[in-house]
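What follows is a single structure, written as structure tokens, with notes after it.
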Number of protein chains: 2
Amino acid sequence: MALIVHKYGGTSMGSTDRIKNVAARVAKWHDAGHQIIVVPSAMSGETNRLIGLAKQLMDQPDPRELDMIASTGEQVSVGLLAMALLAIGKPAVSYAGWQVAIKTDSAFTKARIESIDDVKVKADLDAGKIVIITGFQGVDANGNIATLGRGGSDTSAVAIAAAMKAQECLIYTDVDGVYTTDPRVVSEARRLKTITFEEMLELASLGSKVLQSRSVEFAGNYRVPTRVLSSLTDPLMPLEEEANSGTLISFEEDTNMEQAVISGIAFNRDEAKITILGVPDKPGVAYHILGPVADANIEVDMIIQNQSVEGKTDFTFTVSRGEYVKAMGVLEGVKTDIGAASISGDAKVSKVSVVGVGMRSHVGVASQMFRTLSEEGINILMISTSEIKISVLIDEKYMELAVRALHKAFDLEKA
Amino acid sequence: MALIVHKYGGTSMGSTDRIKNVAARVAKWHDAGHQIIVVPSAMSGETNRLIGLAKQLMDQPDPRELDMIASTGEQVSVGLLAMALLAIGKPAVSYAGWQVAIKTDSAFTKARIESIDDVKVKADLDAGKIVIITGFQGVDANGNIATLGRGGSDTSAVAIAAAMKAQECLIYTDVDGVYTTDPRVVSEARRLKTITFEEMLELASLGSKVLQSRSVEFAGNYRVPTRVLSSLTDPLMPLEEEANSGTLISFEEDTNMEQAVISGIAFNRDEAKITILGVPDKPGVAYHILGPVADANIEVDMIIQNQSVEGKTDFTFTVSRGEYVKAMGVLEGVKTDIGAASISGDAKVSKVSVVGVGMRSHVGVASQMFRTLSEEGINILMISTSEIKISVLIDEKYMELAVRALHKAFDLEKA
């Protein structure tokens, strides 16, 4: 007997028939003697419908009120799944985030989980119940509902698995695992049986849509074994087979049996680049530029500061495209304070990255990457590196070309 | 400056354009210097949509899980209304029932409000905010969401008005007041400017759909002046005119300026009658029959026990038609225990009642009523009376005929 957390995405919860499938799958695990916690997303389309209603009333919906509305999608899901289980005679109980005290900060629409109270859930599990908890949301110190942002149900599932010391967190989704890159862009993309936590973190944070990056951070920090697997298989397939399907995110580098230098190519189409020109080069300049951006709750990704010339420097950074207008507004407001000559931006850029723990012991990955892009005539706008990844910012229109060329150059189609 | 509670029904909240209308109306009251609490229902159709999903999973949805789901409709409404107000520059904040501690019992799907904590709401009102609170729901002692049943938002509004000591509770709805009877049945039906609390209670509990009966009980117990008025008027109509429109439910009999003997004819189409035949007539028989029915959370309305013959008696009562099958099931289960010869039922009966405080000082209302029905050839199945109303149970097919004949017989078309 083990404690297992299941997470189901919006597509898996998309209709009452699909919810019955989820119930059958959950029941199979429960029948095998496991304690099961399920974290379902809202039914597919529901969160967008709710946000659409909000936008009919406010162009920039008030974040607290938006969370009030958006959080209801998951609440409906947990109730429906509990009913689907009760209908087939399985003991089940649903909870909204606030009911099991999933405490978050107050950054509405992008809150972070601070703590989870496990007393109620433990009591239910010990009583043999399947416990269903809303993903995507918690409650702040003042009792306001706060959501974790799109994809936040993954984070909820992993955080709950960590808090409850679950043996494994199974993320059921509409893809059957983590691929070397997006198969919609490169048809030769190949599923990985295992991936290290660090690689997954880079892939997730770089825009690979399989798992929200914060969920991988949680998995890493609390060492929660997490598996991405398909929710589209027969719910009654043998449990042993299901338990070994998909891609396991592991914590041991030597479980990377495939020993590839590069594990995958990640990309993020929706990037935007902002350059502040002619800033006086003195201590604190980065802080004075990025402080107000952070205060506006905008996440900054790549950052470059050029060598100064005649006491002036240029400063460039990227944000996600959806926050480009907001970020530009913030900077216009502080332009005089920071003494910048001008501010320019480009919202049509994309990021492509090669990721792999093998990079540590192999040289030449960067030069191989740059040569490949050069041969395709793709200009590199920015470069950023970490121990296990190299990212480049390029013109949006070359993104697919770059991903395909790199996938081939690093032989990723071969196992 | 006064504290006023506004309640808006599902039709008034039926689209974002209508929600903007509600916001304009609320803003008008707030601009006039009043403190405003708004209790909106779910958008029309939403509660039915949610219950429909539940019924696809369970024929008899689990009550706790159903409340989890059904309560989300109002949560969406409060968030949207807050946004509509914020969008026109009015300070507003929304709360779900559990956030302002609307404490209920645990009778899921038909819970009763036990207490309301006013601290948070008072602080917001004093800070000049418009406070928007979900109708229809609260939270039980174990932190479970519990709904009050259909129409429960009226009760929420009046209970909040009572707890906050509001000067008036305005129930905005898609009718423009309380009528002598349903205008869809009798075209000569006339709107009443005032009605006493007692009359309204009889009308509401007898099936007049304008206000949920529990909301009238609350209004009566806490002496909350409550007005039923139209949400279909121009939201920018003069406030003075709006404040005097509709029907005021008053607590002074002498405000019944119209001095009519009968105020209105109420009816309830969806009744069902159950008769237990040949029960040994001994102490406790009524308790042994109705106890299990009450335990199953089924409300019983009219009750008749016949004179016993040879130590045996017949016992008849009515329930709402939707609970007929459940009630019959309960009774079949205890039939042997109570020693009944047989149980029979009729789910095609309706109740028609004449209501009026004037009855107290006038004789002959009952005989007038029975003569009118007799002249129309309508057989009376059961009779029940209170100080201010006389109800009869008749075959469903005569219901409209009875209502029209009684409306005319008591001259209700004349002011």
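The values are calculated or read from the model by the stated rules, or taken from the named source; none is laboratory data. What you are looking at is a predicted structure, and each value in this text was computed from that prediction instead of being measured. Here the Cβ positions follow ideal geometry from the backbone for every residue, glycine too, while neighbour counts run over all protein chains shown. The area values use the complete protein model at the heavy-atom level, side chains included, leaving out ligands, DNA and RNA. Shrake-Rupley method; radii C 1.70, N 1.55, O 1.52, S 1.80 Å.
The table that follows gives values for the structure above.
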item: For the protein assembly as shown, fraction of C-alpha pairs farther apart than 35 Å, in %; result: 59 percent
item: Shortest-first distances to equivalent copies, position B:Asp31, nm, label 7 Å out along Cβ; result: 6.4
item: Heavy-atom accessible area order for A:Ser44, A:Ser245, largest first, 1.4 Å probe; result: A:Ser44, A:Ser245
item: For q = 0.11 Å⁻¹, Debye-computed log10 I/I(0) when each Cα of the stretch A:3-254 counts as one equal scatterer; result: -0.54
item: Whole-number percent relative contact order across the stretch B:314-415, with pairs defined as alpha carbons under 8 Å at least 6 apart; result: 28 percent
item: Summed buried accessible area for A+B [probe radius 1.4 Å, Å², rounded to 100]; result: 3400 Å²
item: Accessible area of A:Ser231 in the full protein assembly, 1.4 Å probe (Å², nearest 10); result: 20 Å²
item: Teacher prompt: B:Asp395 distances to equivalent labels in other copies, 7 Å Cα→Cβ, nm; result: 8.5
item: Of all accessible heavy-atom area on the stretch B:3-253, the percent that carbon and sulfur account for (1.4 Å); result: 49 percent
item: For chain B, built as a Gaussian network whose Cα springs stay under 10 Å, the top-fluctuating residue of B:Thr275, B:Thr226, B:Thr180; result: B:Thr275
item: Simple Cβ-charge dipole of the stretch B:264-409, Lys/Arg +1 and Asp/Glu -1, about Cα centre, in debye nearest 20; result: 360 debye
item: Normalised contact order of the stretch B:73-168, rounded percent, pairs of Cα under 8 Å and 6 or more residues apart; result: 29 percent
item: Euclidean distance of C-alpha centroids, the stretch B:129-156 and the stretch B:176-238, integer Å; result: 21 Å
item: Label geometry 7 Å along the beta-carbon vector: B:Lys122 inter-copy distances in nm; result: 3.8
item: Sorted peptide list for A:97-109, B:126-138, criterion being average Cβ within 10 angstrom, highest first; result: B:126-138, A:97-109
item: Whole-number percent relative contact order across chain A, with pairs defined as alpha carbons under 8 Å at least 6 apart; result: 14 percent
item: CD proxy at 222 nm, helix term only [per DSSP H run n ≥ 4: -39500 (n - 2.57); per residue of chain B; nearest 500]; result: -10500 deg cm²/dmol
item: Accessible surface, the protein assembly as shown, averaged per residue in Å² (probe 1.4 Å); result: 41 Å²
item: Nearest beta-carbon to the A/B symmetry axis - residue in chain A, distance in Å; result: A:Thr72, 2
item: Choice from B:Ala366, B:Ala327, B:Ala123 showing the highest fluctuation, given a GNM over chain B with Cα pairs closer than 10 Å; result: B:Ala123
item: Charge dipole magnitude, Cβ of K and R +1, D and E -1 - the protein assembly as shown, Cα centre, debye nearest 20; result: 440 debye
item: Cα lying deepest toward the dipole's positive end in the stretch A:3-254, options A:Val228, A:Phe108, A:Ala23, charges on Cβ; result: A:Ala23
item: Those residues of the stretch B:4-22 for which accessible area with every protein chain present is at least 40 Å² below the isolated value (1.4 Å probe); result: B:Thr16
item: Top of A:Leu393, A:Leu203, A:Leu277 by mean-square fluctuation, Gaussian network on chain A, Cα under 10 Å; result: A:Leu277
item: Unit charges at the beta carbon, dipole of chain B: most positive-side option, B:Gly143, B:Phe218, B:Ala266; result: B:Gly143
item: Unit charges on C-beta of K, R, D, E only; dipole of chain B, Debye; result: 500 debye
item: Positive-end residue of B:Val76, A:Asn244, A:Val186, charge dipole of the protein assembly as shown with Cβ unit charges; result: A:Val186
